[in-house]
Amino acid sequence: MTNKLLLILMIFLVSCSLQGNKEITLNENDQLILDILDQKYDGKIKFTVKDNYVSKIKLTKMGMMNSLPEELSRFEQLDSLYIYKTSFEDKKIDVRKVKTLKYIGFNSIDLSDYNIYLNNKIEDILLSRCAFTKYPEAISKANIKKLEIGGFSTDYQKIFPMEIGGSALKEVIFHYVDFEKLPDIKTPNELSLSVIQHDNIVQLPESYLHHKYKMLIISGCKK
């Protein structure tokens, strides 16, 4: 009996090992687009595959690009785009033609004088450690489910809107945002709120008392 169990275990482990070594296969369309992007950008564009499709593109430390690659709109199920330390010469981030996109992340980008255009399916936005003199209008107008804001100094308190929200908003995350007062949140939905690592904030805005909370996390707020 012991030998049989040992044999079954060995077969199972070998099977798992073989499955883990299988190469990622893509549908023909997405593979063709990746090949084009690899040639244009020397294989620097990172991506994630889900169910045979490219689901996420990461433009990470790409330096100065002429523009956002127009090939992104040709992926069949691309739902996420993350941009980190990457600039665009035409000062435009336009994802209206990427119809399947639901998440976009802006991290460590100077968005001053940028024109940003989002599609109407965007549900989730990350805005982290970016520079700008005016809060991006496209983000203000987007009717999203989740907004994550991080890495902004006290100087940005006057630039951020006094109120954020929308009819779809369900989750807001503030982390390392050194404001004395956070923006008011307006939403009819039960809210998940995280306020993490804030050095200057003394108390939450009074308007926060009127929400129904699905989850509330307050951590690392010294004052």
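The values are calculated or read from the model by the stated rules, or taken from the named source; none is laboratory data. Since we're looking at a predicted model, the values are computed, not measured. All Cβ positions, glycine included, derive from the backbone under ideal geometry; neighbour counts span all protein chains shown.
Being of a type outside the set (S, T, Y) and in contact with a Ser or Thr (Cβ under 6 Å, 6 or more places away or on another chain) is true for just one of I144, I196, I159, I201. Which residue is that?
Criteria check complete, one pass: I196.
Which of (1) of a type in the set (D, E); (2) buried (at least 16 other Cβ atoms within 10 Å of the Cβ); (3) closer than 17 Å to K61 by Cβ is the odd one out, the single condition D124 does not satisfy?
(3)
Of the conditions (1) within 24 Å of Y117 (Cβ to Cβ); (2) surrounded by 16 or more Cβ atoms within 10 Å (Cβ to Cβ), T133 fails just one. Which one is it?
If we test T133 against (1) within 24 Å of Y117 (Cβ to Cβ); (2) surrounded by 16 or more Cβ atoms within 10 Å (Cβ to Cβ), just (2) comes out false.
Please indicate, with yes or no, whether at least one residue in segment 123-141 is in a loop (DSSP other than H, G, I, E, B), closer than 27 Å to Q77 by Cα and of a type in the set (K, R).
no
Out of the residues in segment 136-176 that are among the hydroxyl-bearing types (S, T, Y) and over 24 Å from I218 (Cβ atoms), which is surrounded by the most Cβ atoms within 10 Å (Cβ to Cβ)?
Here the residue is S140.
Pull out all pairs, ordered by first then second residue, where Cβ-Cβ is under 8 Å, the residues are six or more apart or on different chains, the first lies in segment 190-215 and is under 11 Å from K170 (Cβ atoms), and the second is of a type in the set (F, W, Y) and at pLDDT 90 or above.
E190/Y213; L191/Y213; S192/Y213; L193/Y208; L193/Y213
Considering only segment 155-194, state which residues are closer than 19 Å to G105 by Cα and among the aliphatic types (A, V, I, L, M).
Passing the criteria: I164, A168, L169, V172, I173, V177, L193.
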